[in-house]
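The values are calculated or read from the model by the stated rules, or taken from the named source; none is laboratory data. Here the structure is a predicted model, which is why all the values come from computation and not from measurement. Ideal geometry is used to build each Cβ from the backbone, glycine not excepted, and the neighbour counts take in all protein chains shown.
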Amino acid sequence: MAKSNAASTKGSAGQAETPAPPQRGAATAPGAEPPAPAPGTSQITVSRGFNAWLAANRTSLAFSSYQTGQLFLVGRHPNGTVSFNQQNFNRAMGLSWSGSRLYLGALSQVWRLENMLKPGEVGNEVFDAVLVPRNAQTTGDVDVHEVGIDAEGRVIFVNTKYSCLCTLDLTDSFRPIWKPPFISKLAPEDRCHLNGMAMAGGRPAFVTAVSRSDVVTGWRERRHQGGVIIEVATGRIVTDQLSMPHSPRVMGGRLYALDSGRGQIIEVDPKTGEKRDIAFCPGFLRGMSIHNGDAIVTVSKPRDGTFKHLSLDAELQSRDAEPWCGVLIVNLASGDLVEWVRLDGHITELFDVAVIPGVACPMSIGPDTPEMRSTITFAPEVRPLYGLATAA
């Protein structure tokens, strides 16, 4: 079994260093300020109850950083520590967990990672899922954002550069399946910044875009207002009253989204477009999963020190708050922030987060690594094709 690149941290306000290659970090006392990370590294701290939340919800998490090109898998050990496993995937973006596999959108490919363990097996005496890259479908640099799996098992992804939804194709870079009604032509111009997709009933149901622009990068002048949620089946604009919306999700018949330019998790009435603020989050929101009534979201720091032209900047100032980079767990009923993971140092931007239910402590193996070259699995019995006989 290949060794993992993993860091562990105590479940009570712990920390882990995440340089390249990752190293193991020491625990910090609850409530204590962790030391500043070394240049080029990131320090991970978790809330006091984060490990207990993972255990109570029988789940682990995956999150991605396109800034540093990394996939993080977060799990729990029986001894009360939290495990952080990381691997490099160039411009890691959208995530989708389906069955026992993880899909990951990256710079020019959509990756499929399979759990190589059979029932009852454990990797490296610790991990109950070992995710191995088994397929990389090459799309070219089309700025893949969110990824989903439909009822037929097809990969559906947001093609932001060409302003459309796509599926994979064996011959072409992608197969377009839908575009917003206001987009007149499929062109590599990122016209409206189509970015998020909600799956419901095994098919795309809603998408988010920063604007209704139909010119090259026209959305950049519309970041503060005019963001839309669109119903895929009809092309109807549900609302155009958002600021840089991301990550629509349908759960229990309700439509949720991230009003990222305002820093709000929101619920939207899919018929009237009326929106309700649920919780303010201190950072730029991107990526959301919903599990057992909690929204798990990622927040990022600004690239230039401020969130220019966004009300998020003024909101942070009014609350005397600094922006975070990390993962927040918010109860949708109360709007309370339940638990968190915080990253300080080199990593300042995250993109997506996925829930991995039923898995306690996952790890992955990265492409183009010694572990990948030496990790080989196969069925021990010969299963002939073409009617070929086998020796006794």
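Points worth noting:
- Close pairs from segment 290-315: first polar (S, T, N, Q), partner part of a helix (DSSP H, G or I), Cβ under 6 Å, at least 6 apart: Thr306/Asp313; Ser311/Arg262
- Filter result for Glu315 (in contact with a helix residue (DSSP H, G or I) (Cβ under 8 Å, 6 or more places away or on another chain) and in a loop (DSSP other than H, G, I, E, B)): no
- Taking segment 236-289 as the range and being in contact (Cβ under 8 Å) with a residue 60 or more places away in the chain and part of a loop (DSSP other than H, G, I, E, B) as the test, the residues that pass are Ser243, Met244, Pro270.
- Output for segment 363-376, where each listed residue is at pLDDT 90 or above and part of a loop (DSSP other than H, G, I, E, B): Ile365, Gly366, Pro367, Thr369, Thr375, Ile376
- Qualifying positions in segment 122-173 - of a type in the set (Ser, Thr, Tyr) and within 18 Å of the chain's Cα centre (by Cα): Thr160
- Evaluating Phe351 against the criteria (1) in a loop (DSSP other than H, G, I, E, B); (2) touching a Cys at 6+ places or on another chain (Cβ under 9 Å) leaves one unmet condition, (2).
- Complete set of residues in segment 59-88 that are polar (S, T, N, Q) and crowded, with 22+ Cβ neighbours inside 10 Å: Thr59, Ser60, Ser64, Ser65, Gln70, Ser83, Asn85, Gln86, Gln87
- Segment 50-77 residues that are in contact (Cβ under 8 Å) with a residue 40 or more places away in the chain, paired with ones that are of a type in the set (Asp, Glu) (beta carbon under 6 Å, 6 or more apart): Phe50/Glu339; Trp53/Glu339; Ser64/Asp352; Gln67/Glu349
- Subset of segment 197-221 that is buried (at least 20 other Cβ atoms within 10 Å of the Cβ) and closer than 20 Å to His309 by Cβ - its residue that is nearest to the chain's Cα centre (by Cα): Thr208
- Tally, over segment 343-370, of residues that are touching a residue at least 12 places away in the same chain (Cβ under 8 Å), charged (D, E, K, R) and surrounded by fewer than 19 Cβ atoms within 10 Å (Cβ to Cβ): 0
- For segment 127-183, a tally of residues being in a strand (DSSP E or B) and of a type in the set (S, T, N, Q) returns 5.
- Count of segment 267-320 residues which are among the small types (Gly, Ala, Ser) and in contact with a Pro (Cβ under 8 Å, 6 or more places away or on another chain): 2
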